[in-house]
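Input: a single structure, listed below in structure tokens.
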Amino acid sequence: MIGSATLAADLITWAFDVHIPLVYTVLGLLWTMPFVEMKGVKSGNTEYFRLTRSMFNYMIVVYAMGGVFGTIITVFLAGLMPVFTNLAGYMLWPVWALAIVAGVLITIPMIGLYYRTFERWSHRRHIALGLIIAVSATIIPAMFRLVFAYTAYPFGTSVIPDSSSAIGFDLAVNVYTAFENPLYLPLFLSTVFASIAFTGIMMLFGYTLSSNSSHSGLGREIGSRLALVFGPLYAVTAAWYLFEVYLHSPTIAWSLFGRPPSNLNSVLYAVYRPVYNLSWDPYAVAILAAVELAVILYLTRHTNRAIAWISAIAGIAMVDLAEGGNLLAHLPYAVVPPQSLAVQLIHQYGITFAITVAKTLQVSTLATVLDYLSIIVNQMPLLLIFSVAMFLFFNVLVLGVIYLALQWRSTK
């Protein structure tokens, strides 16, 4: 029988693998477009303005799909990982609220205004609006990454026994203290740098396919520069994040590095042992990064559609492996308890209470509703086959829409 926790993790990872490349592209384009338009003002070259408009047209198509998958992830987290929403979601609700306000109430209407004011406002006012939108949109990953940093290392959380609580204890966290989480800054910076670098890869890919447009050469040039500048920045901040993970998040570190971290007390091995050994994941990402670098350097001098496809596939695979690996490395936990907290609880309340806290933070806790889904899947295997077929169809549809958007853009 398929385990409910494994099923939940696989479903959420799938949603991530589709959602992340789309939102990376949106965030990267939002930061790139104002500077492209600014370059047009300084150089007096109108091709920069045409390039900005074509980038915006493509961003709208991607944003429409990325937003849908963002909703899917939220629903999955709420429905399949109630431990996550009960703990990280409940205690950090101001963070979620700020992300929703920035992403829905501010960013979306302003994107509409940005479109309507093309060539109607002065370029300076339009550029200023674009920068405001980029900052507003960046608040979304800034808040979400805070929650993800918290789930990997719930910095500043206190645990107090409470017999009246449904889970036997109360949790408390200071939201302001959560921003001091040592995992947060490298995770957030790596996200921003990765999104801009990934956008550069997609620009290089897209403008190689639409090489007949007047601004394709300019798009290829800017795309390659973005990838070559922000790619290394992403690598540095990602390495910084992994270093902090090794110090503070035993289960994730054990999963990603293939062995327990040296600072983990051997008495606690049974507590923090991960479900998956993902030690191959960082190496795969590094190999794909090397392939991507070679391909980008080649495409800066040659226009080759087949090589451009390799660049796009390697870029998407690299992002998905990095994000998916980081997500699955949490298992069996939805919120990984820090070693310092475990030791503190053992000393203050005994090992039984400490184990109770650890088990409560696992993905499988309170997710029994998934057991019914597991039973149905095992009793009706055709349902699973149908689901896989629909999954493949939808992913082909997503890729087809993106490809058609690229082709449609080239005629503008």
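The values are calculated or read from the model by the stated rules, or taken from the named source; none is laboratory data. Values in this document were obtained by computation on a predicted structure and should not be read as measured data. Cβ placement follows ideal geometry from the backbone for every residue including glycine, while neighbour counts extend to all protein chains displayed.
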- Query: With respect to Pro250, is the statement that it is surrounded by 15 or more Cβ atoms within 10 Å (Cβ to Cβ), modelled with pLDDT under 95 and not basic (Lys, Arg) true?
  - Reply: yes
- Task: Mind listing whichever residues of the stretch 277-309 are crowded, with 17+ Cβ neighbours inside 10 Å, at pLDDT 90 or above and farther than 30 Å from His330 by Cβ?
- Result: Val295, Ile296
- Given the residues Val135, Val75, Val83, which is the only one that is modelled with pLDDT of 65 or more, part of a helix (DSSP H, G or I) and under 21 Å from the mean Cα position of the chain (by Cα)? Val135
- For the stretch 201-214, how many residues are crowded, with 24+ Cβ neighbours inside 10 Å and touching a residue at least 24 places away in the same chain (Cβ under 8 Å)? 7
- Message: Yes or no: the stretch 228-246 includes at least one residue that is in contact (Cβ under 8 Å) with a residue 24 or more places away in the chain and more than 26 Å from Ile139 (Cα to Cα).
- Response: no
- Residue by residue through the stretch 265-276, note down the ones that are in a helix (DSSP H, G or I) and exposed (fewer than 14 other Cβ atoms within 10 Å of the Cβ). Ser266, Val267, Tyr269, Ala270
- If we keep only residues of the stretch 107-132 that are assigned to a helix (DSSP H, G or I) and hydroxyl-bearing (Ser, Thr, Tyr), then the residue surrounded by the most Cβ atoms within 10 Å (Cβ to Cβ) is Thr107
- Task: Could you list, in sequence order, all residues of the stretch 295-311 that are of a type outside the set (Val, Ile, Thr) and within 25 Å of the chain's Cα centre (by Cα)?
- Result: Ala308, Trp309, Ser311
- For residues that are in a helix (DSSP H, G or I) and over 11 Å from the mean Cα position of the chain (by Cα), scanning just the stretch 326-341, find the one that is surrounded by the fewest Cβ atoms within 10 Å (Cβ to Cβ). Ser340
- Task: Kindly list, by first and then second residue, each pair from a residue in the stretch 277-288 that is touching a residue at least 24 places away in the same chain (Cβ under 8 Å) to a residue that is surrounded by 14 or more Cβ atoms within 10 Å (Cβ to Cβ) and polar (S, T, N, Q), limited to pairs with Cβ atoms under 6 Å and residues at least 6 apart or on different chains.
- Result: Leu278/Ser255
- Query: Quick one: is Val236 within 30 Å of Leu92 (Cα to Cα), within 22 Å of the chain's Cα centre (by Cα) and not in a helix (DSSP H, G or I)?
  - Reply: no
- Message: Could you check the stretch 219-246 and list, in sequence order, the residues that are buried (at least 16 other Cβ atoms within 10 Å of the Cβ) and over 21 Å from Tyr24 (Cβ atoms)?
- Response: Glu244, Tyr246
- Working carefully through the options Arg259, Arg301, find the one that is of a type in the set (D, E, K, R), over 30 Å from Gly40 (Cα atoms) and either touching a strand residue (DSSP E or B) at 6+ places or on another chain (Cβ under 9 Å) or part of a loop (DSSP other than H, G, I, E, B) (or both). Arg259
- Query: Taking Gly231, is it modelled with pLDDT under 90, touching a helix residue (DSSP H, G or I) at 6+ places or on another chain (Cβ under 9 Å) and either assigned to a helix (DSSP H, G or I) or not acidic (Asp, Glu) (or both)?
  - Reply: no
- Quick one: how many residues across the stretch 109-137 are under 25 Å from Glu323 (Cα atoms) and out of contact with any helix residue (DSSP H, G or I) (no Cβ under 7 Å at 6 or more places or on another chain)? 1
